[in-house]
Number of protein chains: 2
Amino acid sequence: MSKPIHAIIPAGGAGTRLWPLSRRTYPKFLLDLTGQGMTLIQGTVDRLDAVSQSITVVTGTAHVAAVADQLPSVDRDNILAEPLPRDSMAAIGLAAAVIAHRYGRDAVVGSFAADQTISHVPAFHNAVEQAAALAREGWVVTIGIEATGPSTAFGYIQCGDNLGVEGAPDGCKVNGFTEKPDAETAATYLAQGNYRWNAGMFVVRAGVLLEHLAITKPELAAGIETIAAAWDTSEREEVLASIWPGLEKIAIDHAIAEPVAANGGVAVVPANLGWEDVGGFDALHELLCVTDEDSAKGAKVLRATNAATNAHIIAADSDDALIATSTDRAVALLGVPGIVVVDTSDALLVTTPERAQDVKGIVDYLKTTPSESLT
Amino acid sequence: MSKPIHAIIPAGGAGTRLWPLSRRTYPKFLLDLTGQGMTLIQGTVDRLDAVSQSITVVTGTAHVAAVADQLPSVDRDNILAEPLPRDSMAAIGLAAAVIAHRYGRDAVVGSFAADQTISHVPAFHNAVEQAAALAREGWVVTIGIEATGPSTAFGYIQCGDNLGVEGAPDGCKVNGFTEKPDAETAATYLAQGNYRWNAGMFVVRAGVLLEHLAITKPELAAGIETIAAAWDTSEREEVLASIWPGLEKIAIDHAIAEPVAANGGVAVVPANLGWEDVGGFDALHELLCVTDEDSAKGAKVLRATNAATNAHIIAADSDDALIATSTDRAVALLGVPGIVVVDTSDALLVTTPERAQDVKGIVDYLKTTPSESLT
């Protein structure tokens, strides 16, 4: 049996809450945040390979070279450069339309962000197979991440009745999507048991996606189709330059998932994937295991670059501290359990997991100063 | 009236507890730890200038160039280089013997460490004047620092009866010196009121010092006198190389102060100097005032080098944190009140004032590793 999907990897976002490791010029998907010798985007490709006939990456012009460098197995023609960020609908829609031109409108596409981690890979492959089975039947399909706590950082998917589609035993109808809830609402969702986290994973026939978009956002759909038609021709740059900047900036959730769900057209495959979006140093702290390095016993150590491989890291009486470094400098922690220290060549951050989400505020502040280049 | 003393400044010690700011190769007396635009040794010279006919520095061979560079007002002939560290008696004794050769044995010498700070300079000058008056009468004189708490980090001086010497209204006899006490004993000293901290400040006629040494440590005295006799001749290097390495390593407290006090020959001038030895980041934290930099309000900032002048330092919800930096890197603290962050080009330390004294343990550990060069 052939591989079920054509993978789309939108690689955008600065990963602001992971500053100073993650920068606009070198965002988090280019970093090895798991300490396993693979960057997030390399891990994403590695995971998708077994279920994908092709892999298409959509990223900003500034990151094309780094992406190509990190992904030697991905054909250079399959790395689509966005001249400007136009949010997820334009990025995923363009990739889907290019795939439709190359492989036909019945091709099933699956979109998965470049900066997430999944520890249960066989469960992920199984979920993709089921999602593709539903997609072939015409559904817009999402994968519903098991909610492991009452998180207020994610949107939720309300799962309805099982759809009984062959090849998708877990596939259910989606009753609706919700925005990020407050803590009380999140606790209610968790207690009810039929709510899942929305990780922005979508599987759908390329033609179905574009038809839905033609109804919900006809101008955006037309623009994307025009660019895609020119993509594999000598007119690509000219058409892209004239149309792309005028495309509406909208997330795929708002353009497709929510309105189609309201009409009963979205399905979900619930799955327990060991999923992390690594959105901040709190998530990174959760993700990493305590080091077995003698000099840093009890702490968590992330060497995010090759340069950091030989950095001497010492943690004394600093259990559960997180040291993330991209430099070869020595880092010594003494009597600071649970602290978060992030060391880079031009900026240093010291905070705690509890304040990790507020790192964005530091970056926002820096953008107003002469140190803007540090963001 | 002529200036009362010939100043001796022993500039030794690595300042291990101020690692990574202070290094064997660049010890704390070469650093501006007060943030007032002067290094500790520059401050020491500046303070002594008004009361000193001459200033002699004794330092390790490795530091002579940096000392000369920082002290353009000190004659190069007055910077004595120790080929090897031989503790304070040899260093101060050699300087005293050289001064005796240059100015006569009746010259009053005063020895003051290169790495202390004093905020009440007029009180210091007054104490030196009184100490010199006592020294001219033949006393070995120390200056007794007001004990502002039951510190276990310093030795104590027990003050006895006022000596009634003209020009030294505060001068008392020393009943004895004590080693660093335990906390309970220190509290007793503080309660009794007649105990003072020993900051290693000694004022004495050069000839008196050398005579006492000839009795307590005759070989050491003879060695020092031989080297001093050759100092201003072409034989300096040869004599130094042959004798210095064999000199006994002993502190002036043990070689002179304690035995002479036991025979009733030591006086003390009690004085309230606003004195700090800046022994660790806890003392540095005490010493520094909260910054008036907008982006770091509530924190204490030390820019220890010129390179650090323009470092962007941000402290949010981090009151009373100490950021000491010798680099131009940005440092951002978020939600870490009271923390100590020390940033240098090749090593970073994160700790708390409570653990500041244990920094020595990190340095001791590093010395056993391939990162020994970082100490």
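Scanning segment A:164-176 for residues that are surrounded by fewer than 21 Cβ atoms within 10 Å (Cβ to Cβ) and touching a strand residue (DSSP E or B) at 6+ places or on another chain (Cβ under 6 Å) gives A:ASP170, A:LYS173, A:ASN175, A:GLY176.
Being out of contact with any helix residue (DSSP H, G or I) (no Cβ under 6 Å at 6 or more places or on another chain), more than 14 Å from chain B (Cβ to nearest Cβ) and closer than 27 Å to A:GLU129 by Cβ is not true of A:LEU40. Would you confirm whether any residue within segment B:357-370 is farther than 21 Å from B:ALA14 by Cα and facing chain A (nearest Cβ under 10 Å)? No, the conditions are met nowhere in segment B:357-370.
Of A:THR148, A:THR152, all but one fail to be assigned to a loop (DSSP other than H, G, I, E, B), farther than 20 Å from A:VAL45 by Cα, in contact with a Phe, Trp or Tyr (Cβ under 9 Å, 6 or more places away or on another chain) and not hydrophobic (A, V, I, L, M, F, W, C); the exception is A:THR148. Residue under question is B:GLY43, and the condition is that it be in contact with a strand residue (DSSP E or B) (Cβ under 7 Å, 6 or more places away or on another chain) and at pLDDT 95 or above; does it hold? So B:GLY43 fits the description; yes.
Taking segment A:164-192 as the range and being polar (S, T, N, Q) and either in contact with a helix residue (DSSP H, G or I) (Cβ under 7 Å, 6 or more places away or on another chain) or not in a strand (DSSP E or B) (or both) as the test, the residues that pass are A:THR185, A:THR188, A:GLN192.
I want to confirm something. Restricting to segment B:305-322 and keeping residues that are in a strand (DSSP E or B) and more than 9 Å from chain A (Cβ to nearest Cβ), which single residue is farthest from A:LEU334 (Cα to Cα)?
Taking segment B:305-322 first, the residues in a strand (DSSP E or B) are B:313-316, B:322.
Restricting the remaining residues to those that are more than 9 Å from chain A (Cβ to nearest Cβ) gives B:313, B:315, B:322.
Working: B:ILE313: 22, B:ALA315: 20, B:LEU322: 15 Å.
Looking at the filtered set, the residue picked out is B:ILE313.
When you check A:SER295 against the structure, is it assigned to a loop (DSSP other than H, G, I, E, B), of a type in the set (S, T, N, Q) and farther than 30 Å from A:GLY171 by Cβ, yes or no? It would help to see each step written out before you state the result.
Numbers: assigned to a loop (DSSP other than H, G, I, E, B): no; of a type in the set (S, T, N, Q): yes; farther than 30 Å from A:GLY171 by Cβ: yes.
No.
State which residue pairs qualify: first residue at the interface with chain B (Cβ under 7 Å from one of its Cβ atoms) and at positive phi and inside segment A:325-342, second residue acidic (Asp, Glu) and part of a loop (DSSP other than H, G, I, E, B) in any location, beta carbons under 6 Å apart, and separation of 6 or more residues or different chains. Pairs found: A:GLY335/A:ASP317. Taking each residue of segment A:230-242 that is loosely packed, with under 12 Cβ neighbours inside 10 Å and looking for partners that are aromatic (Phe, Trp, Tyr) and not in a helix (DSSP H, G or I) with beta-carbon atoms closer than 6 Å, six or more apart or interchain, yields nothing.
Every residue, every condition in (1) among the polar types (S, T, N, Q); (2) under 15 Å from the mean Cα position of the chain (by Cα); (3) under 24 Å from A:THR226 (Cβ atoms), yes or no:
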site: A:LEU18; (1), (2), (3): no, yes, no
site: A:ARG24; (1), (2), (3): no, no, no
site: A:LEU30; (1), (2), (3): no, yes, no
site: A:THR59; (1), (2), (3): yes, yes, yes
site: A:SER88; (1), (2), (3): yes, yes, yes
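Pull up segment B:343-356, narrow it to residues that are assigned to a helix (DSSP H, G or I) and charged (D, E, K, R), then point me to the one that is nearest to the other protein chains (Cβ to nearest Cβ). Out of the qualifying residues, it is B:ARG355. In segment B:292-308, of all residues being touching a residue at least 12 places away in the same chain (Cβ under 8 Å) and not aliphatic (A, V, I, L, M), the one that is nearest to B:THR34 (Cα to Cα) corresponds to B:ARG303.
Of the residues A:GLY207, A:GLY264, A:GLY200, the single one that is closer than 24 Å to A:ILE143 by Cα, surrounded by fewer than 17 Cβ atoms within 10 Å (Cβ to Cβ) and not charged (D, E, K, R) is A:GLY264.
Residues in segment A:108-124 that are in a strand (DSSP E or B) and among the aliphatic types (A, V, I, L, M): A:VAL108, A:VAL109, A:ILE118.
The values are calculated or read from the model by the stated rules, or taken from the named source; none is laboratory data. Bear in mind the structure is a predicted one, so any value in this text is a computation, not a measurement. For neighbour counting, all protein chains shown are included, and Cβ atoms are generated from backbone atoms with ideal geometry for every residue, glycine included.
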